[in-house]
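Written below as structure tokens is the structure these notes are about.
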Amino acid sequence: MRRRAPLPPSPLPQRHGVDPVRVRLPAGDAWTTVRDHLVSRLSAGDGVIDAMLDEGRIVDVTGRPVPRDMAYVPGMYVWFHREPPDEEQVPFEIEVLYRDEHLVVADKPHFMATTPRGSHVTETALARLRMRLGIPTLGAAHRLDRLTAGLVLFTVRPEERGAYQSLFRDRQVAKEYEAVAPYDPALALPRTVRSRIVKERGILAAFEVEGDPNAVSRVELLEHRDGRGRYRLVPYTGQTHQLRVHMSALGVPILGDPLYPVTTGPVPAGDFSRPLQLLARVLEFTDPITGYEHRFVSRRTLGSWSSYEEWAG
């Protein structure tokens, strides 16, 4: 079996904690120049690619600027930095709970994406931590929803990232979440919820369908007061929005959820009120590199439980 050739290192440094974009030119004879391919491939406005080329912002593997008339060569790589979108600064700090030569475990706030994606680029946990800790090689071993707060595991060495990612893929990480949702005295708990969840591209909310279960969650009630319950949630699988879907299906949707049971639309930029009351509270696993037994617990609390009036505004 032929091994893939290693990817060439980027000739461009990170900018604001964000890696440059790498583009590999595919096989084919549809393009005469590199410029022609980039114009057809990238959804940039009129003249944007030409301006980037003229300003020397698109480079080859040696770091030399790509001219407009450079001939198209299948398999060639080029790099460039996208102009970051206008982003509202997330007004909350990300706390580092643990750091060694292999790992960084962070306690992420609500409203902060884990990694750069879409309209969230520099205001992400990964970009902030790379700049703050001075670790440009830092990478995420898994993702936590932007609206969910709590523990995220990052790796220091790229060559070790796969070992930590496999822990999550192979379900070798024990995870616990905490949520605040309505209290229903008629809902018998604890219970294990099993269903089939589907998330379609382009649709914000996931939904349950008939079929073999692919999502399993344990739901326990820890305490209740004033019509609200504090719940311990244990996901045994990792489907998109799994805990949110299951809590909604039980008739106790998590407080502050803009998607379940009804999609209310995107929160306006700059609105950091009423965060989703879901917290990734515990991560527990055996370190695949050192063999250490790790157990991390978030220091965050859910505002609707500690001070409902302040959370509700």
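The values are calculated or read from the model by the stated rules, or taken from the named source; none is laboratory data. As the structure is a computational prediction, the values presented were derived from the model and not from experiment. Note that each Cβ is placed from the backbone with ideal geometry, even for glycine, and that neighbours are counted across all protein chains shown. Just so you know, the surface numbers come from the protein's heavy atoms only, side chains and all, with ligands and any DNA or RNA stripped out. Shrake-Rupley method; radii C 1.70, N 1.55, O 1.52, S 1.80 Å.
Remarks
- Only one entry of G270, G251, G256, G265 meets the criterion of being surrounded by fewer than 16 Cβ atoms within 10 Å (Cβ to Cβ), among the small types (G, A, S), modelled with pLDDT of 95 or more and not in a strand (DSSP E or B), and that entry is G251.
- Pairs where the first residue, in the stretch 7-30, is assigned to a strand (DSSP E or B) and the second is exposed (fewer than 14 other Cβ atoms within 10 Å of the Cβ) and not hydroxyl-bearing (S, T, Y), C-beta under 7 Å, 6+ apart: R24/G75
- For the stretch 227-245, the criterion of being without any contact (Cβ under 8 Å) to a residue 24 or more places away in the chain and either in contact with a Ser or Thr (Cβ under 7 Å, 6 or more places away or on another chain) or open to solvent by 20 Å² or more (accessible area, probe 1.4 Å) (or both) is met by no residue.
- Considering only residues in the stretch 128-186 that are closer than 16 Å to Q239 by Cα and among the acidic types (D, E), the one that is surrounded by the fewest Cβ atoms within 10 Å (Cβ to Cβ) turns out to be D170.
- Residues that are at pLDDT below 95 and out of contact with any Asp or Glu (no Cβ under 9 Å at 6 or more places or on another chain), drawn from the stretch 115-142: R117, G118
- Looking at V23, V34, just one residue is within 28 Å of A140 (Cα to Cα), open to solvent by less than 90 Å² (accessible area, probe 1.4 Å) and touching a Leu at 6+ places or on another chain (Cβ under 8 Å), and that residue is V23.
- Search result, residues across the stretch 177-212 that are in a loop (DSSP other than H, G, I, E, B) and under 24 Å from the mean Cα position of the chain (by Cα): K199, E200, R201, G202, I203, L204, A205, A206
- Any hit, the stretch 140-149, residues being under 18 Å from A113 (Cβ atoms) and assigned to a strand (DSSP E or B): yes
- In the stretch 99-119, residue farthest from V34 (Cα to Cα) [restricted to those that are outside any loop (DSSP other than H, G, I, E, B) and either open to solvent by 60 Å² or more (accessible area, probe 1.4 Å) or in contact with a His (Cβ under 6 Å, 6 or more places away or on another chain) (or both)]: R99
- S307 meets the stated requirement of being without any contact (Cβ under 8 Å) to a residue 60 or more places away in the chain and either open to solvent by less than 30 Å² (accessible area, probe 1.4 Å) or not hydrophobic (A, V, I, L, M, F, W, C) (or both).
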